[in-house]
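Structure, as structure tokens:
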Amino acid sequence: SCPVAPASRSSQEVWESFSQCFTPAVKEVVEFAKSIPGFQTLSQHDQVMLLKSGTFQVLMVRFCSLFDPKERTVTFLNGQTYSLASLRALGMGSLLDAMFEFSEKLGSLCLEPDEMALFMAVVLVSADRSGIVEVGAVEQLQENLIKALRSLITSRRPDDSTLFPKLLLRLPDLRTLNNQHSDKLLAFRID
Amino acid sequence: PKTHRVMTLADHISHIITQDFARNQ
């Protein structure tokens, strides 16, 4: 309800609120996944496994647009804005620094919204394969989406042959972010 | 006094996804 945490809110309350921010965001990734052509042709088991492995990375791409490098603030999907300083005080400093760095790199590619959406689809289906049963089906879907992304990007920017490879190089960045930060702790108040 | 459920971001994501699919079955 408050864009910037006032002094009257305890750090615990801010932390609870921050933790809650992820809930609607995760639900939106699930809805987004269902809209990816071919995703729901995968077995439900494999859909769940990809979402469990890839949602954090999709969120990292999605959250990039919520970073304001000039103001050094982050706005979450429930509309609340936190300064980097206040979030750092909650112990999220290393994650946020890594995300500012990632968002600057991704932002420099100046993707259009549809390109960003297709990139997020590629990110999701490129997630870790542990636990996937029908690996072939997932790989075929990944190949189709990468082809579509390449076609979209190169048709719009035929003179920039480096853009698509640079974009694919963001995939290992996302895996690193995932490995370093998905074990961060959140706290939810039990009333 | 308030009590908290503490979990990792990964576990929280897993929990939401499992709930969503169970709800839609």
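What the table shows:
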item: Choice from A:T154, A:T73, A:T55 with maximal GNM fluctuation in chain A (Cα, 10 Å cutoff); result: A:T154
item: Derived scalar couplings ³J(HN,Hα) [segment A:182-190; Karplus, 6.51 cos²θ - 1.76 cosθ + 1.60; whole Hz; x for Gly, Pro]; result: 6, 9, 5, 8, 10, 10, 10, 6, 9
item: Computed helical MRE - 222 nm, chain A, DSSP H runs ≥ 4 contributing -39500 (n - 2.57), nearest 500; result: -20000 deg cm²/dmol
item: Cα centroid of segment A:133-147 to Cα centroid of segment A:42-84, whole Å; result: 23
item: For A:S11, A:S155, A:S103, order by how many other beta-carbon atoms lie within 10 Å, fewest first; result: A:S155, A:S11, A:S103
item: Placed amide H near B:H4: partners under 5 Å, 5+ positions off or other chain; result: A:I190
item: Ranking of A:I146, B:I16 by count of other Cβ atoms within 10 Å, fewest first; result: A:I146, B:I16
item: Helix runs (DSSP H) in chain A reaching 15 Å along axis by Cα, Kyte-Doolittle at least 1.0; result: A:113-125
item: Gyration tensor (alpha-carbon) shape descriptor, chain A, a/c threshold 1.5; result: oblate
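Read-outs: derived from the displayed coordinates by stated rules, not from any lab. Not measured: the values here are computed from a predicted model. Here the Cβ is made from the backbone with ideal geometry for all residues, glycine too, and neighbour counts use every protein chain on show.
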